[in-house]
Every structure is written in structure tokens, then in C-alpha cells.
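Worksheet: the structure to be examined is printed underneath.
The values are calculated or read from the model by the stated rules, or taken from the named source; none is laboratory data. From a predicted model like this one, the values you see are computed outputs, not experimental measurements. Cβ sites come from the backbone with ideal geometry, for glycine too, and all protein chains shown count toward neighbours. Note: accessible area is taken over every heavy atom of the protein model, side chains too, but ligands, DNA and RNA are not part of it. Shrake-Rupley method; radii C 1.70, N 1.55, O 1.52, S 1.80 Å.
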Amino acid sequence: MKKLMIGNEAVAEGLYEGGIGFISSYPGTPSTEITEFLAKRDDLHSEWAPNEKVAMEAAFGASLAGVRSACAMKHVGLNVSADPLFTMSYTGISAGLVVCVADDPAMHSSQNEQDSRHYAIAAKLPMLEPSDSQEALEFSKAAFELSEKYDTPVLLRMCTRVSHSQSIVETSERVVPERKTYVKNSPKYVMMPGYAKKKHPLVEARTAKLAELAEDCPFNRIEWGGLETGIITSGTSYQYVKEVFGDSVSVLKIGMPNPLPSRLIKEFAAHVKTLYVIEELDPVIEDHCRKLGLSPIGKEKFSPIGEFSQKTIAQAFGLPAKPSVSADSAAPARPPVMCSGCPHRGMFYVLAKNKITVLGDIGCYTLGAQAPLDSVDYTLCMGASVSGIHGFVTASEKDAAGKTVAIIGDSTFMHSGVTGLINIAYNGSNSTVIILDNSITGMTGHQQNPTTGYNIKGDPAGKVDLEALCRSIGIRRVRVADPYDLKQCEDILKEELAAEEPSVIISRRPCVLLKYVKTRPPLVVDTDKCRACKKCMKLGCPSISMKDGKAHIDKTLCVGCEVCGQLCPFEAIGKEETK
Amino acid sequence: MNTTSIMIVGVGGQGSLLASKLLGALLVDEGYDVKVSEVHGMSQRGGSVVTYVRFGDKVCSPLIEEGEADFILSFEKLEAARWASCLKKGGTIIVNTQEIDPMPVITGAAEYPSGILEELKNKGVNIDAVDALSIAEQAGSAKAVNIVLLARFAKRFTIPVESWETAIANTVAPKFIDMNRKAFELGYNA
């Protein structure tokens, strides 16, 4: 059947057709939909794990139990799960195991643009890289075969444009292989030095075999065209090359970026006059070409920064720009903002008002760094707020503890904030940690997590009691605040900052976009009372603007959270009927 | 046939993803090769959103760059200006005249530009300006802005109205089919 699918749905379809029985993942743009699409199926186990390391190890366990399994994550998630990844390369697998990783060139929704291909090289694992949805389906399916034939986990590298572009795929029937019987095999699976030493040579031999396979496999192919120009390319860049040149140049399309096919590359290079390597991010293929003694034109023309397009490539080849018009007046930027009624806003307002140093984390609340709230001092990676504040407060001058907080969401706290909190309690720093508990994983589009009480299917599940968890760690001061109540937030914040011991403030209110959240009627401004002091504007609420010299509330956006009303010194903001 | 490129631009939350879903499915049914590209994640939080739809005999790149779009469907006026440079010479912008202030305008750091559409018209851009919000409200829901804009596009294209109606029925929730069909009809005839 022919269907339009985003790359991530096609990966899910490929894994499904390939007989997957188990997937465990942590959400992360642009990888999230792989797991969400598989969760719609009832003939396999799907789950959100607390983090990518847990997910990968769970998938490894499922493989050991004899079931084809997978995990999916964004590029930075692979950092979190790098530990099992490197040693799984030594143990190998039982049933096929596919690790899907989605890079984000141009950082549409990420904090860096690292290139996951380095992990394949470093961990000595085969990696496949599709360039559209049809390949995403085929490669995902083939990855299981490859995994079992070569006794290795297989990395499937996606990128934002392949993950989130729809193209036509041809689907087929699901075939589930027979479950493999679990057989105890300590030399294979117990990686203590004696056994691991025997495994390393096998890993090297496997890489050599895979390199042979790469020379003659359907993932890598030459499309001969004109011989003046030869382009080695992969992934989404292949599509841009074809868009610009059609069949007028020769192309070596790499679908297996590790290990690379040395003989095929040399053969291709020998036939073309000028050799180019066009790859997004780092010069991985280019460096390999140089090792082979070739001198391709690569990163000097095609930047390691950001993503490509047909325009990038046409420009690099000196092709004329397409005629276009543009408006003279520059359009003001439209950055993403915290939604109207977002429960994070109230807490950020209180932090900004009190000029608190805020060590931030990864989630919607990273948006608290923007004007006018402007109240996040750093954002590094998942969990770094809680771990970082301990070092910051411990190493700072004495009064820092009274002016500094870590701020982290419920899902991110489960991911890797809790270990930082253990460190705070264990090593005794006077840190104040605010958990923004909005009862969902927000930024990635509303996924359940261990604090929500529901699993990936929306069925009731185990629920972490955050207060009890923090107390059991050894935090004696655990407070709960309602971020719609500014006075309460400020009082609690001041008390906990003044306390001479670590504390946790749970700022609790569900994400306003959750379907079960009942919003209230929009508020209105009494223009007679409004004196244009602009206090309400300090919230950075998209519903509030200045119109004709007075504050104005957009009734199509306002959800009646009433936080702005608490700021108005002239009681000019209220419900419609009272005005 | 050569590739036709359509950009759907707007503000996060306005329903442009549904428009691209509907259009993509329709074009596949009509037998074209189709690619649709969008970016999820942070752009959904009230930011500027853009979706690319390309179709023809064989489509390679999922992206649309400067001077390449045959049509821009803009859900908001300022967004039409932001993306106008992607329009091909002789291309058409179908624009909802609604204005939504971005944060820099709200905070007073920037002004919402005036005379956007006149300026583009003076530069030879075909502009189809329509108050899609009012039409959608007339049909029964402000959320049908996407269907109104698609109807304006449908007028300029050869796919029969019945195929559009089928695509609407296949894309939107059953209880909203009638309302969306009405929005399509009102938009088409506006």
C-alpha cells in the first residue's frame, strides 16, 4: 500500500514489519514519533523510559530474551546512553537490536549540533542512514537482519529533515521471527576483563567483515552521470544534490556511513574529474577519503555548521540565484514563547522580580531565558541544573545560596535530575531546587512520564510521589507552590532561600494545553482604570499587548489564569462581568 | 510535469499542519510524487511555522528556497512578508489578513509593519488577500481558517472540487466535516 509518511513513521513501520517486539525510548525532538507510532500497535511492547540509558539497556535485555527490539532518541540522548552502547558492541546481541538516533543540524530544537556518526566509529558499530521515508522503512527493516547476521547492535541515523519530511512509502506485511531461546553464555555477555579481552578482537574482525559488506551492499550505490563532477553524499544532502543536478553529475550515495566502502570510493574517484563530498555537519566521509589518499573538495565549500538545502549547494557551485522579491520592511522576529496561561510563567516572574540566579534545564521552561522574563542563567543538558547548583553554591561566596535556584521540569527531573538531588543531600550543599511539575513532558509534544501516573498508551501506571522521593533522598524541606498564586510562590521562595539547608519547591500545575485542563473565560482590561504602567507586560504573556496607550488582552488567546491581575496596582484587569 | 512548490506559513497553533496533511493526502491520491516537510518542536510554541509541500512526477528536495515557491498560503499577514522572498517570479500569495503580534511587538521592541500587502503588490506579486478568520467564523469555527485558505488555493488549481471534499472528509474529525465543507465552499466563492 502506498502512503505518505514522515521519516519517523516510516522507521516505525520498518521496525514493525521487521518483527519488533519491544521498544523503549525517551522522547526527544526530532526522534519522538518513532516510538509514538509504534505505541499505536498492540502486538508489541512500547514504553517511555525515564532516560535514554535506561531505554537502551531495557532494549538490550529484550534482545537477550530473544525478541527483536529497538530504542529511539535524539542525538544528545545518545550521549546519555553511550555507556551501554560501547559495551553492547562487545557483547553483541541475541535477537536484532536497532538504536535509532536523530541528529538536528541547524538546531531546530536542540542545544548543540553534534554528529552521531562519530559514535558509530568510536563504538565500532554499523550505521545506516536513510535519505527519505522509503529508505527509512527499508533500512530499519534491514537493520534487524544486519544486527543478527553480524551479532551487533545497528545504529540508524536520522536527521530532522528525514525524520520530519513526508514522502511516499510502500508498506508490506509484518513478519515476526520466532523468539530466540535464552541461553546463558557468560563469556559473551559478562564483560569483565577476562572475557572482554577475548571480545575485542572479535569486534575488530566484525568491523572488517562489515567493511567488506559495505563494498557491495544495497545501502551504497553509484549513480553514474557526467564524469566531470563526482559527488559523494548521504542522507538528506543526497536529495539536495539530485534537486540541483538531476542526472547530470555522478553520485556515490552512501547509505551506510560506518564502516565506509573504501574500494567503492576509490573506484568512483578514479572515474570522475573533480571529486566532491557533500555531507552535513562533520567531515566524516571526507576524512575517510583523505585517509585513502584522495583530495576531495569538502568542508572548504560546504560548511560544518547548520543544515544544507538545494540553495546551499547551488551557491557553492556558483550557480545563479533564483530571482525573488522581498518586502522592504524587515519582519519582526516571531520566536517561540511560553503559551498563554503557561504555569511556568508565574514562577519565572517571581524569580526575575527577586533577581535570582537561575540554573536552568531542558524543556519548555528554557523559554524563561527570553525577554521580558530573562531569568535563566544557564542551560546545558538534561539534569545539569540540579547537579550544577551544588557545585555553584558550594564553590561560591557565602551568600550565593540565598540568591540561587535550580529549575527543572518533572520529566527532566526523572531523566537525570534525581541523581543531582542525591548529591545535594549526600554532600550537603544549601541548594534550592524548583521542580516545575506540569504533569507532562511538554516540549516534545505531551508524552507521559513516571510522575504523571499514565503510561505511553494512556493507561494508568506507577506514579512517582515527588514529595516522598525528595524526602527519602534526605531533603527535609519539601514545599509545594501553585504558580498561579504569585504571593504564595514568592513567600515560599524567600523562606526556602533563607533556610540553612537544602530544599525542594514543587511548583505544581498541569500544562494548560492538556486536554483535561479546564480554562477560564478571558480577562478584560478596564481602560478607565488602566494607567499604562506596563507591570502586566513584564510577564511576557502573548495575550497582553499595548493598544492605544492601554493594556489590551486578546480574548482569543487568554485562558483566564489571572496571574496578570495579581500584578495590576490599579485593579484594572478582571473578569468580563465585573467590568 | 515539473515540480510545483507550495509553502504554508503561519503562527504555531493556527492549524497549518492539518492543511499540509490534507493537501499531501489529496496530491498522493491524484497520483503525484509528493514531499511535505515541517519542523516540530519549539516552533509549535507560538513561533513562526513553515511547511513545505512539493509535488510533481519526481520530487527530490523536501525544502523550498528563495525564488522557488509557486504559491505561499499565509495564515497571517506578517508571515507573508517574512517568507515572500521564497516566492517564484509570477507566484501567488494567498493571505489571511489577520494580524497576530509577535513578542517583540508586544514588548514594544519592534513595530508591526504597515502596508505589507500593498508593498508586495507593487513589486508584482499576485496577492489574494482574504479575511479567512471571518469566513471561518461564519462557517462555524475560527479553526477552519486552514480550510478557507485551501479553498482559495483550490480555485487556482485543476483538481476537481469533489476530490477536495473527499480529502476534507478523510482528514478532519467526523463531527467537523460539515463545518469544514461549509468553510471550503464559503472560501471558494468569496
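Numerical summary
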| item | result |
| --- | --- |
| Count of residues meeting criterion [under 20 Å from residue A:76 (Cβ atoms), among the polar types (S, T, N, Q) and surrounded by 24 or more Cβ atoms within 10 Å (Cβ to Cβ)] in segment A:114-134 | 1 |
| Tally, over segment A:547-568, of residues that are out of contact with any Lys or Arg (no Cβ under 7 Å at 6 or more places or on another chain) and of a type in the set (A, V, I, L, M) | 3 |
| In segment B:2-49, residue modelled with the lowest pLDDT [restricted to those that are of a type in the set (Ser, Thr, Tyr) and under 11 Å from the mean Cα position of the chain (by Cα)] | B:16 |
| Within segment B:46-125, helices (runs of 4 or more DSSP H) holding 3 or more residues that are more than 7 Å from every other protein chain (Cβ to nearest Cβ) and over 28 Å from residue A:537 (Cα atoms) | B:116-122 |
| Filter result (over 30 Å from residue A:448 (Cβ atoms), out of contact with any helix residue (DSSP H, G or I) (no Cβ under 8 Å at 6 or more places or on another chain), away from chain B (no Cβ under 13 Å) and open to solvent by less than 90 Å² (accessible area, probe 1.4 Å)) within segment A:510-562 | A:525, A:526, A:527, A:529, A:530, A:533, A:550 |
| Residue B:107 being within 14 Å of the chain's Cα centre (by Cα) and hydroxyl-bearing (Ser, Thr, Tyr) | no |
| Matching residues, segment B:3-25, being hydrophobic (A, V, I, L, M, F, W, C) and surrounded by 24 or more Cβ atoms within 10 Å (Cβ to Cβ) | B:6, B:7, B:8, B:9, B:19, B:23 |
| Condition met for residue B:34 (buried (at least 22 other Cβ atoms within 10 Å of the Cβ) and in contact with a His (Cβ under 9 Å, 6 or more places away or on another chain)) | no |
| Enumeration of residues in segment A:350-365 that are part of a loop (DSSP other than H, G, I, E, B) and under 15 Å from residue A:111 (Cα atoms) | A:360, A:361, A:362, A:363 |
| Residue in segment A:205-212 that is aliphatic (A, V, I, L, M) and open to solvent by 40 Å² or more (accessible area, probe 1.4 Å) present | yes |
| Odd one out for residue A:177 among (1) open to solvent by 30 Å² or more (accessible area, probe 1.4 Å); (2) not in a loop (DSSP other than H, G, I, E, B); (3) not hydrophobic (A, V, I, L, M, F, W, C) | (2) |
| Residue within segment B:111-119 that is exposed (fewer than 15 other Cβ atoms within 10 Å of the Cβ), modelled with pLDDT under 95 and on the phi > 0 side of the Ramachandran plot present | yes |
| Output for segment A:222-247, where each listed residue is within 14 Å of chain B (Cβ to nearest Cβ), open to solvent by 30 Å² or more (accessible area, probe 1.4 Å), more than 15 Å from residue B:63 (Cβ to Cβ) and of a type outside the set (Phe, Trp, Tyr) | A:223, A:247 |
| Selection count, segment A:366-407, where residues are part of a loop (DSSP other than H, G, I, E, B), open to solvent by 70 Å² or more (accessible area, probe 1.4 Å) and free of Cβ contacts under 8 Å to residues at least 24 places away in the same chain | 3 |
| Output for segment A:307-343, where each listed residue is within 31 Å of the chain's Cα centre (by Cα), free of Cβ contacts under 8 Å to residues at least 24 places away in the same chain and either at the interface with chain B (Cβ under 7 Å from one of its Cβ atoms) or closer than 19 Å to residue A:374 by Cβ (or both) | A:311, A:331, A:332, A:333, A:334 |
| Residue tally, condition aromatic (Phe, Trp, Tyr) and farther than 14 Å from residue B:70 by Cα, over segment B:124-164 | 1 |
| Flag for residue A:275 being of a type outside the set (Lys, Arg), touching a Gly at 6+ places or on another chain (Cβ under 7 Å) and not in a helix (DSSP H, G or I) | yes |
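Yes or no, residue by residue, for (1) within 22 Å of residue A:95 (Cα to Cα); (2) away from chain B (no Cβ under 14 Å); (3) aromatic (Phe, Trp, Tyr); (4) under 25 Å from the mean Cα position of the chain (by Cα):
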residue: A:142; (1), (2), (3), (4): yes, yes, no, yes
residue: A:145; (1), (2), (3), (4): yes, yes, no, no
residue: A:153; (1), (2), (3), (4): yes, yes, no, yes
residue: A:171; (1), (2), (3), (4): no, no, no, no
residue: A:175; (1), (2), (3), (4): yes, yes, no, no
residue: A:180; (1), (2), (3), (4): yes, yes, no, no
residue: A:187; (1), (2), (3), (4): yes, yes, no, no
residue: A:191; (1), (2), (3), (4): yes, yes, no, no
residue: A:202; (1), (2), (3), (4): yes, yes, no, no
